[in-house]
Amino acid sequence: STISTDVLVEGMTCSHCVMSVTEEVTALNGVENVTVDLNAGGASKVTVASTTPIDPAAIRAAIEEAGYSVVGNR
Ligand code: 9UX
């Protein structure tokens, strides 16, 4: 079954931000799909679907690599 992990990300405002984050997070082992709810309530919600649990620190690192900040979960 699929595991879903949500993180809230600051600083994403356009579709190119979405592409950059999606690309970095999709590259993590086990990640099957990444969706972004842009600017949901001030921060954007990034939802990571995977077959195995993904280390939240790895998701954070990938998002920071793309140039954005994780501000929380859910
Ligand atoms: Mo769009 Mo995102 O011009 O940092 S790439 S705002």
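The values are calculated or read from the model by the stated rules, or taken from the named source; none is laboratory data. The structure displayed is predicted, hence computed values, not measured ones. Methodologically, a virtual Cβ is constructed for each residue, glycine included, from the backbone with ideal geometry; neighbour enumeration extends over all protein chains shown.
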Report task. Could you check how many residues of segment 43-57 are touching a residue at least 12 places away in the same chain (Cβ under 8 Å) and exposed (fewer than 13 other Cβ atoms within 10 Å of the Cβ)? Result -> 3
Query - segment 10-26, subset under 14 Å from ALA58 (Cα atoms) and hydrophobic (A, V, I, L, M, F, W, C), residue farthest from the ligand (Cβ to nearest atom) - result: VAL25
Requested in this report: For segment 37-72, enumerate the residues that are within 16 Å of the ligand (Cβ to nearest atom), assigned to a helix (DSSP H, G or I) and at pLDDT 95 or above.
Outcome: ALA62, ILE63, GLU64, GLU65, ALA66
Report task. Quick one: count up the residues across segment 11-36 that are at pLDDT below 95 and either assigned to a strand (DSSP E or B) or under 12 Å from ASN73 (Cα atoms) (or both). Result -> 0
